[in-house]
Amino acid sequence: MVKRNAKARARRIDVTDVERSLVRKNESAKAQEKLKSGDLFYFDTNGNEKSLPKALRRGVQLEKKQKGLSKLSHYEIAKVEKVKAKEERKAVKAGIKNAKKTTAASSTTSKDAATSNANAFDLWGGAAAKEKAAKQLQATSSSILEQTANLNNGSLFKKSEDRKTHHMLTRHKCRVLNDSALRLPHSKPTTLQNNSNKTCAAPAVVLPETGLSMNPGEEAFERQVDEVVADECAKMRSEEQEARKKKPMTSRLLDAYSQEEVSKMTEAERQKEYRRLIAEDLIAENMDLDVEEMESDEDATSPSAKNKSENTKESTTSSTSSSGIINKKVIKAQERKTKAQKNKEGRLKERMKNLSAEKRQKLLDKSIGQLPNLMREMETDNMTKKQEKEYLAQLKEEEKKMEEKGIVLKPKKIGRNRFQETKLLPQKAASSLRGSQVESAISERMQSIHRRNLTELPPDADRSTLLRLRKKKNRDQRAVQHHQRQLKINEEVMSD
């Protein structure tokens, strides 16, 4: 490939905006020509949809189907149906109650009339008057029966079609619905007041320790200082371990030499010195192992070794019996399967899948003799899994107890950052209250809110957050500039 000069590269300019504007100008000119010639419009001589293009035909068909109403979602249809069913049930219940009242009232009136008619004697009517009264009673009873039947069917309480309609805007579409559809579901919002939705079991107010008081005692003060120092030492160790994992060569060289000597070394000298130090470490480890083996052999030959082994067995059994949950230290590393063993088992499974039925049967016949060993392996695996489960359950219980006290070991993360409990250094007892340092309760309240995961933690004042915010700002500016450029081009095209 021929390399281009800087001048040739500089000539390449982005001309996409200019090309787009030219294309739009050409399109607008063509549209004006069509307007003058009359090609943009057509006359429907047939009066049918055959002369229309496919896209317009589909639109007309959809309009005919919808008839002013757009399709509702399944959720909205279900809500409308539920509301209608509720109203029908209410109407039926109200109608049945009214019917019962009317029947009771009519029955009482009919009984009174019958008794009065029976007791009274009509001089002019006689038998004809009795027949008229019986017909009236039959008519009233038949009307009551018809009303009850109509109530059961729900025909009396049908909704009229001339009711008012309301427009409801959902998903940027105007949909026409009845009054019943506007009744929204009354569901309570989920809050952190319920115990099931709480993200942390820590209390709202955590009482400070005695060492953090205004005038602490000597013992409480020393205890608090020791705890803070122990936490800082643990942090330092974890940081050192992470540094050793990331940079093992530099960490090993710094153990043997000073910082100035390591900085003066070249890369080749560092590698050479690192190999020499590792070789010395391996030789020292082998020597230590040989000495330990010799000591173990001497102890095994001595008669007191048997008593020691019995004592160790008793101590292990007592430790397991005293604490119902076995600690993780009891699970030996040798009992666990290595990665090579797991890979071997996976290869055997794949091979068994590919084998034929006869070969599988032969292998099964051979493996019958190995059943006791397999059963032992399965028992050991089940025991280790059971111990691990018990250990994890114990850890969870301990974490819950610590959270209830106000100590959060593994806090949940809402935003980018995770809450970390900051232990304050205690101050010695002042000679007077004026000499004591005054603190506000706002910081303590904010710490409790962040501990319980009620709000997101603020971002750290680091370089990473600054770079992230700067990138976001530049991205937004580029988007705005692009939008402004497009608007200017559109204005120029419209003005032309």
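Counting neighbouring beta carbons within 10 Å and listing from fewest to most, the residues L212, L207 come out as L207, L212.
Pairs from the list K342/K412; K25/K488; K235/K412 with a Cα-Cα gap above 23 Å: K342/K412.
Starting with the fewest neighbours, write out D231, D14 ranked by other beta-carbon atoms found within 10 Å of each beta-carbon.
Details: D231 13, D14 7.
Ranked by crowding around the Cβ, least crowded first: D14, D231.
Report, in whole Å, the centroid distance computed from the Cα atoms of segment 221-237 and segment 333-411. Taking the Cα centre of segment 333-411 as reference, the centre of segment 221-237 is 39 Å away.
Could you list E403, E232 in order of exposure, starting from the residue whose Cβ has the fewest other Cβ atoms within 10 Å? Let's see the in-between values first.
Details: E403 19, E232 11.
So the residues, fewest neighbours to most, are E232, E403.
First select every other residue whose beta carbon is under 9 angstrom from the beta carbon of E227; then total the charges, Lys and Arg +1, Asp and Glu -1. Summing Lys/Arg as +1 and Asp/Glu as -1 gives -1. Fully extending the segment from K90 to L466, taken as 0.36 nm per residue of separation minus the present Cα-Cα distance, adds 129.1 nm.
Throughout, read-outs are computed from the coordinates displayed, never taken from laboratory work. Computed from a predicted structure; not experimentally measured. Quick reminder, even Gly has a Cβ in these numbers, built from the backbone with ideal geometry, and neighbours come from all protein chains shown.
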